[in-house]
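Peer 1: My questions all concern the structure below.
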Amino acid sequence: MEAGTSSCTDDGNKKGDKGMLAKVTTEFKNEVIKETIKLQHSDAKSKTTEEVVELIKEVAKVLVIEAAIRAAKQASAENKSSVNISHVETILPQLMLDFP
């Protein structure tokens, strides 16, 4: 099962974060979020409302978009025209510090 999708395109313009942000899309499936919560909180008394799922989806979306932007900047700093996993690995430690 696919947790979500994310994409980022770069047409070569140097518009900054706002330009990149407009090009990044991401989506998470409600069922995946609910199952993830169940794995962490197995208390039968706990209920997960749709509002909680939507809030978690929004936080995950912000995290993914930020990671995409930082990885794109890292690739650009290395004069690369595409982002690969090594760029994500490079930005991941600082990202995790910024999103505790």
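Peer 1: Tell me the net charge near LEU95. Cut-off is 10 Å between Cβ atoms, LEU95 excluded, with +1 for each Lys or Arg and -1 for each Asp or Glu. It would help to have the intermediate numbers written out before the result.
Peer 2: Details: positive: ARG70; negative: GLU66, ASP98.
Charge balance in the 10 Å sphere: -1.
Peer 1: Of the listed pairs LYS23/LYS80; LYS23/LYS47; LYS34/LYS61; LYS38/LYS61, which have alpha-carbon separations greater than 26 Å here?
Peer 2: On the way: LYS23/LYS80 18 Å; LYS23/LYS47 35 Å; LYS34/LYS61 15 Å; LYS38/LYS61 20 Å.
Where the Cα-Cα span goes over 26 Å, the pairs concerned are LYS23/LYS47.
Peer 1: How much length is gained on full extension from LEU95 to VAL52, taking 0.36 nm per residue of separation minus their Cα-Cα distance?
Peer 2: Taking 0.36 nm per residue and subtracting the Cα distance, the gain is 13.2 nm.
Peer 1: Moving to a separate point now. With label points built 7 Å along Cα→Cβ from the Cα atoms of ILE37 and SER82, find their separation and express it in nm.
Peer 2: Going from the ILE37 label point to the SER82 one covers 3.7 nm.
Coordinate-derived values only; no laboratory data. Bear in mind that the values here come from a model prediction, so they are computed numbers and not experimental data. Heads up, the Cβs are rebuilt from the backbone with ideal geometry, glycines too, and the neighbour counts pull from every protein chain shown.
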